[in-house]
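We did not get these values from a lab; they are worked out from the coordinates using the rules stated. Bear in mind the structure is a predicted one, so any value in this text is a computation, not a measurement. Don't worry about glycine lacking a Cβ; one is built from the backbone with ideal geometry, like all the others, and counts go over all protein chains shown.
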Ligand SMILES: Cc1cc2nc3c(=O)[nH]c(=O)nc-3n(C[C@H](O)[C@H](O)[C@H](O)COP(=O)(O)OP(=O)(O)OC[C@H]3O[C@@H](n4cnc5c(N)ncnc54)[C@H](O)[C@@H]3O)c2cc1C
Ligand code: FES
Ligand code: FES
């Protein structure tokens, strides 16, 4: 690992000032993606700005029709939170199947969303639940947040402070987990808000997307079988060492049906 | 530039001068001499380095020493009683033949203690699921799972025929 300077600012403002002033400063949250990257020397930031001391970025609360999750809340804390479990059980389940227990004890929702790994789990929920990504300077709609592979709408000196999830009537998440890495080969969240349905897909393409054909069919009948005849085009899906784009297209349909059954 | 970190390790306050890039496992092994915590990979996947930080299982190869400032650390060396009496999880690994070469064992035992604390009454499927981030090249996991189950949920351990 290349060396860097480490900072543990006491306020969000001083964290932002550090990011602005340092030549190549980077935020560290749970470090579960960043530290392995630094160990492999795939990045060499001049400074790391740790958000761990900012307690206002931690915790879960209900705000009217929404669940608000602080950016520094760990996957384990989301999975174990009583409000998330009772109001959006599909989201608690999603957090509980990220990585392994030690990863869930450190990894955070802000870090996961900011990192925008195409195989990460949270992006499916951000898209399906139409979440709002709240930063120090603005609110970004879930549909506009993920730009492409590892790329989001975030600017360099922008810090995610929380993610707001509208509470659906029903929502389920199922993933086909890569047996070695644990990441999603394909993961699908299906969410029902009254007569509207949103389907968020992760793992299958460069970034999370909505399966709009599924949504239209599910708005008529919210049952797994209604998706049986609807194929997803493999054209824009990922093909890699793990599987082909055709296989991923097939998995999107299977995971969506399982997610509806679980919702 | 080095900075000073002060933390509690196995009940004792310890301080050390570290670089910002020093990993917590490097501080424990190379500077504090606690070589019971192992390093088996550089991708955060094997779990040989699992310790407890403020009562939670974490991978000490993927945390900076400076991030542990003021934290309460428990490593495998701190698990047994001062008179050497094994912790129930260590005793269970001995009893159920939960190790062969022993390389993964410190991480397995520390994760086992964490699982038993978080999920009392866990069934076998749950214990296997919870061990997703701890790899063992020798045992085939059967003895490890039985050992953890015997502490977390004694009723769930099936009668096992030792050779
Ligand atoms: C063995 C292993 C298995 C894993 N399995 C899975 C899995 O199955 N599914 C899954 O989804 N993920 C998985 N992960 C990734 C894990 O969920 C990470 O926790 C997550 O991707 C990054 O979160 P972090 O808090 O650790 O962020 P960090 O690693 O600290 O940071 C990641 C990036 O986000 C930036 N960042 C962090 N916080 C903020 C913020 N608040 N605002 C703006 N930018 C920010 C950082 O600068 C950095 O670029 C796995 C990781 C490991 C090591
Ligand atoms: S050495 Fe920490 S996970 Fe492998
Ligand atoms: S006992 Fe040898 S790796 Fe587990």
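For the stretch B:1-87, just say rounded, prolate or oblate: build the C-alpha gyration tensor, square-root its eigenvalues into a ≥ b ≥ c, call rounded for a/c under 1.5, and beyond that prolate if a/b exceeds b/c, oblate if not. Can you show the working numbers first?
On the way: a/c = 1.85, a/b = 1.22, b/c = 1.52.
Oblate is the answer for the stretch B:1-87, as a/c is 1.5 or above yet b/c matches or exceeds a/b.
In µm²/s, what is D for the stretch A:172-262 at 4 °C and 1.567 mPa s, where D = kT/(6 pi eta Rh) by Stokes-Einstein and Rh is the Kirkwood radius from Cα pairs?
Details: Rh = 13.0 Å.
Reported coefficient: 100 µm²/s.
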- For helix A:12-21, report the angle its Cα long axis makes with the longest principal axis of the Cα atoms of chain A; keep it between 0 and 90° and round to the nearest 10°. 70
- Task: Can you give me the three principal axis dimensions of the stretch A:1-50 from its C-alpha atoms, in Å, biggest first?
- Result: 31, 21, 12
- Task: Return the single residue from A:237, A:94, A:129 with maximal mean-square fluctuation; model: Gaussian network over chain A, springs between Cα atoms under 10 Å.
- Result: A:237
- Rounded if a/c is under 1.5, else prolate if a/b is larger than b/c, else oblate: which is the protein assembly as shown, with a ≥ b ≥ c the root eigenvalues of its Cα gyration tensor? oblate
- Task: Report the extension gain between residue A:149 and residue A:219 in nm, rounded to one decimal, defined as 0.36 nm multiplied by the number of residues separating them, less their alpha carbon distance.
- Result: 22.2 nm
- Please order B:48, B:41, A:243, B:101 by the number of other Cβ within 10 Å, starting at the fewest. B:101, B:41, A:243, B:48
- Message: Among A:186, A:84, A:226, which one shows the highest mean-square fluctuation when chain A is modelled as a Gaussian network with alpha-carbon springs under 10 Å?
- Response: A:226
- Once you've got the GNM for chain A with C-alpha springs shorter than 10 Å, pick whichever of A:159, A:140, A:241 has the biggest mean-square fluctuation. A:241
- Heads up, the stretch B:88-155 by the C-alpha gyration tensor (a ≥ b ≥ c square roots of eigenvalues; a/c under 1.5 rounded, else a/b over b/c prolate, else oblate) looks prolate
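Provide B:6, A:161, B:139, B:75 in ascending order of the number of other Cβ atoms located within 10 Å of each residue's Cβ, fewest first.
Values: B:6 12, A:161 20, B:139 17, B:75 23.
Fewest-to-most Cβ neighbours within 10 Å comes out as B:6, B:139, A:161, B:75.
Suppose a student asked you for the relative contact order of chain A, using Cα pairs under 8 Å spaced at least 6 residues apart; what percent would you report?
Values: 589 pairs, mean separation 40.7, N = 263.
Relative contact order here is 15 percent.
So what is the relative contact order of the stretch B:88-155, in percent, for Cα pairs below 8 Å that sit 6 or more residues apart? Mind showing how you got there, number by number?
Numbers: 78 pairs, mean separation 36.1, N = 68.
About 53 percent, as a whole number.
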- Task: Divide by every residue of chain A the summed helix terms, -39500 (n - 2.57) for each DSSP H run of at least 4, and state the resulting mean residue ellipticity at 222 nm, rounded to the nearest 500 deg cm²/dmol.
- Result: -9000 deg cm²/dmol
- Task: Using Cα pairs closer than 8 Å and at least 6 residues apart in sequence, work out the relative contact order for chain B, in percent.
- Result: 22
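Taking the beta-carbon count within 10 Å as an exposure proxy, list A:14, A:221 from fewest neighbours to most. Walk me through the numbers on the way to the answer.
Values: A:14 14, A:221 10.
If I rank by nearby Cβ atoms, fewest first, I get A:221, A:14.
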- Note on the structure: Nearest 10, in degrees from 0 to 90: the angle of helix B:105-118 to the longest Cα principal axis of chain B is 80
